[in-house]
Amino acid sequence: MMIVDVHTHTPTHRDMVPESERTEFAAWRTDRPVVTTNSWAEYDTTMADADVTIAFNIDVEDPAGSTGIPSSPDRINEATAEFVAADPTRRLGFLSVNPTRPDAIEEAERWRQAGLVGVKLGANYQVFDPLSDKAFEFYSYCERNGLPILFHQGASPIRHAPLRYTYPLVTDEVALAFPELRIVMAHMGHPWGRETVVTMRKHPHVYADVSSIYLRPWVCYESLLSAVEWGATSKLLLGSDFPIATTGEAIAGLRRVNEILQGTALPRIPTELIEQIIHADALGMLGLTLPGAS
Ligand SMILES: [Zn+2]
């Protein structure tokens, strides 16, 4: 069974990152700063535990200043397309545009034609209303063209990013309007794991990724337990959120989920479930195939 990491950020540099350009950002992890400038080679080394990865940038006005993840704004999709084309048997790329741009659909179509197979949106980072007419027009285009959308959901340390745009019940509204659209709710909507679970359990094409949640053991446990109790475990997908974490760290973190329960009678997360998430058929669920696979 393949291991698919559905949530990674495209490396910022093709070749070595000059020492003077390496940027550390402390707000993303509780345990160590994250190096947010990285190369293709560093990506491959640290992501070795995944058979296939999905990579994307996010189309924000000022990536370096606002999110701490630098990338050239004019190369948002080009950089991802080049990166995945270099290893098409192991990488799939998602495009990103701000749906409120006048040329949003045109731009998305250009990158779809260029081989990008899904969309990454973060309404909080891109500061657009995810329930606006403009956004709905864009989702409709995605639904018609079989482009899954991975939405950032839940917390972010970025001050200017409105949290309410990331609330999982907003995604329920989107899924009600676009029943055929494949949606991935990132981070299980942390810390709103329960809201994420009750949303995805009722929509056949709504999924959630577990990226970064293990960094906060109680949120991780509570979110996974909600998925067990509400019968939605088959819709959880593995993700790391590289460069914030690696696939290996994500896998190890999930396997440790019950450690905090020692000495308690709290229900354990079944180990089979953890392995099921790690080996989930993410591509099948999202309607994706690897163009480079034979
Ligand atoms: Zn991310």
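Taken together, the values in this text are just the output of simple stated rules run on the coordinates, not laboratory data. All values derive from a computational prediction rather than experimental measurement. With ideal geometry, Cβ positions are generated from the backbone for all residues, glycine too; neighbour counts draw on all protein chains shown.
Put a dot 7 Å past each Cα toward the Cβ at ARG201 and ALA265; how far apart are the dots in nm?
Between ALA265 and ARG201, the label points sit 2.4 nm apart.
Among 281-287, 184-190, 83-89, how do they line up from the highest to the lowest mean number of other beta-carbon atoms within 10 Å? Could the numbers behind the result be given before it?
Details: 281-287: 17.7, 184-190: 28.1, 83-89: 15.4.
Final packing ranking: 184-190, 281-287, 83-89.
For the stretch 4-285, what's the relative contact order in percent, using C-alpha pairs closer than 8 Å and at least 6 residues apart?
Taking the mean separation of contacting Cα pairs over the length of the stretch 4-285, I get 18 percent.
How large are Rg and Dmax for the stretch 109-237 when calculated on the C-alpha trace, in angstrom?
14.2, 42
What is the distance, in nm, between label points placed 7 Å from the Cα along the Cα-to-Cβ direction at GLN276 and at ALA48?
Taking the two extended label points, one gets 3.1 nm.
Work out the FRET efficiency for MET1 and GLU180 from their Cβ-Cβ distance, taking R0 = 25 Å, and round it to the nearest 0.05. The partial results should precede the final answer.
Numbers: r = 27 Å, r/R0 = 1.07.
Computed FRET efficiency for MET1 and GLU180 comes out at 0.40.
Roughly how many nanometres apart are two label points built 7 Å out from the Cα toward the Cβ at SER20 and ARG90?
According to this spin-label approximation, the distance is 3.2 nm.
Long-range amide H contacts for THR37: which residues qualify at under 5 Å (H placed 1.01 Å from N, peptide plane, sequence gap of 5 or more or a different chain)?
THR23
Kindly provide the pair-distance distribution of the stretch 218-267 built from C-alpha pairs, with 5 Å bins from 0 and whole-percent values in order of increasing distance.
It works out to 4, 17, 25, 26, 17, 9, 2, 0, in whole percents.
What is the local net charge at TRP111, summed over the other residues whose Cβ is closer than 11 Å to its Cβ (Lys, Arg +1; Asp, Glu -1)?
Local charge sum for TRP111: -3.
How fast does the stretch 249-292 diffuse by Stokes-Einstein, in µm²/s, taking the Kirkwood radius from C-alpha pairs at 20 °C and 1.002 mPa s?
Calculated translational D: 171 µm²/s.
What percent antiparallel are the DSSP beta bridges of the chain, to the nearest 5? The partial results should precede the final answer.
Details: 2 of 25 bridges.
Of all bridge pairs located within the chain, approximately 10 percent are antiparallel.
Where does the stretch 4-285 land on Rg(C-alpha)/(2.2 N^0.38 Å)? Could the numbers behind the result be given before it?
Working: Rg = 17.7 Å, N = 282, 2.2 N^0.38 = 18.8 Å.
With N residues counted in the stretch 4-285, Rg over 2.2 N^0.38 Å equals 0.94.
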